[in-house]
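The values are calculated or read from the model by the stated rules, or taken from the named source; none is laboratory data. Worth saying up front: this structure is predicted, and the values here are computed from it rather than measured. Cβ sites come from the backbone with ideal geometry, for glycine too, and all protein chains shown count toward neighbours. All accessible areas refer to the heavy atoms of the entire protein, side chains included, with ligands and DNA or RNA removed. Shrake-Rupley method; radii C 1.70, N 1.55, O 1.52, S 1.80 Å.
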Amino acid sequence: MPSVGVKIYSVFFKLLLRHRLQSLAAAPTPTDSDPFGVSCRADEATAPANPAFSAADGVASKDLHIDPNSALSVRVFLPTPPPAHLLPHPRRASDPPAGAAAAPYRGYLPHAVSAPRAAASARRRLPIVVQFHGGGFVTGSNCSASNDAFCRRVAKFCDAIVVAVGYRLAPESRYPAAFDDGVRVLRWIAKQANLAMMSKVGGGVDTFGASSVEPWIAAHGDPARCVLLGVSSGANIADFVTRKTVEDSKLFDPVKIVAQVLMYPFFIGSVPTHSEIRLANSYFYDKSTCLLAWRLLLSEKEFSLDHPAANPLAPGRGGPPLKCMPPTLTIIAEHDWMRDRAIAYSEELRKVNVDAPVLDYKDTVHEFATLDVFLKTPQAQACAEDIAIWMKKYISLRGHEFSY
């Protein structure tokens, strides 16, 4: 069971969250969604971006406002490049003797590169993790202190570029604004990759499109190894965006979704599951408060607990067949009323031979690995490490040597 301190903190957390949601529901809002919207609440504790590599974790970050017509933004996290002697290069006199075992760098073992290819391979490409924060579609942000710390941990453990999405929040921007923002970010990454390829001329770089190219992603990112990671309500967005890429992969070329991670997804349905009944008043996010969040996201006209955004297994949802979905890791907590529906979704994926393991953490609650109060706990640390181990099965250039 959670500690007494966690239980007390949970009571105050729920009271504050319900008050915030009720205030938003009572505030006058336009009949139609605000096209610009907001991606961060004024009372949200945020962490500033740091474009220099941090001495604490070796990760740099910066903020980008990628859509002039909306509040959509991203925070990009870049891990420290590997030491120079581990980058691919022609053999030098100072190198270890031929045949000597090379030390892996964060799980990656650089391949030997011949002299003619050395210049072209001077930079090691990193996989890209697109992260969607939680908050019930209504609160939270990509630059909150807790989300910043979590993304830094993912960037460090997975040795990947993390693009944290600051999607528009409800009720200012109702469905499908946040979900469309997820699609827009993936298309933006594809655009960056295409611009980078177009600007390379004979080994140099011309000025065509130079002002539009994001240098961290263009210089270091590998769009062919992209993973979507969603936290709570962000998991719903991640699954939606994955389905869109499966439906029309050419629209996102050269981005390839090789896997997705759904952390305690915000799934719900009209027919209650066992956990929804037994744990309805569970810690931090009780069911009644989450129902209020869904009413803020969906308009009164389209409100339904079997809405495609809410229930991934709703009859007639449409979209691509489940067998076409990429490998999907699901994280669940023991004391989370949403757990059963996440398990059911994973079971359906496994029935059609999709690699869809479920990691169930004992004595944990919803958002146990991402809320600020839990970030330093052993469970949060272990969860991030487990995600990295599984993810590297699909982002490692050497194949599936990383597995349980």
Item to check | Stretch gain in nm, segment I343-A219, where the contour uses 0.36 nm per residue and the Cα spacing is subtracted | outcome: 40.8 nm
Checklist entry - If amide H atoms are built 1.01 Å from N in the plane of the peptide, which residues on other chains or at least 5 residues away come under 5 Å of the amide H of D355? => result T328
Checklist entry - Working out 0.36 nm times the residue gap between A26 and T46, then minus their Cα-Cα distance, what length gain in nm do you get to one decimal? => result 4.7 nm
Next on the checklist: Whole-Hz ³J(HN,Hα) for each residue in the stretch 266-281, computed from phi via Karplus 6.51 cos²θ - 1.76 cosθ + 1.60 with θ = phi - 60°, x for glycine and proline: what do you get?
Outcome noted: 8, 6, 8, x, 6, 9, x, 8, 4, 5, 5, 7, 6, 10, 4, 9
Item to check | Mean Cβ count within 10 Å, highest first, over the residues of peptides 129-138, 308-317, 380-389, 329-338 | outcome: 129-138, 329-338, 380-389, 308-317
Next on the checklist: Could you tell me the relative contact order of the stretch 184-316? Use alpha-carbon pairs under 8 Å, at least six residues apart, and round to a whole percent.
Outcome noted: 22
Next on the checklist: Per 0.36 nm of contour for each residue apart, how much would the distance between H65 and K323 grow if the chain were fully extended, relative to their Cα-Cα spacing?
Outcome noted: 89.3 nm
Checklist entry - Counting only protein heavy atoms, what percent of the accessible surface of the stretch 280-404 is carbon or sulfur at a 1.4 Å probe? => result 52
Checklist entry - Under a straight-distance cross-link criterion of Cα-Cα below 22 Å, which lysines are reachable from K156, leaving out those fewer than 8 residues away in the same chain? => result K62, K256, K376, K392, K393
Next on the checklist: For K191, give me every one of the aspartates and glutamates with a C-alpha distance below 14 angstrom, ignoring sequence neighbours fewer than eight places off in its own chain.
Outcome noted: D67, E214, D222, D253
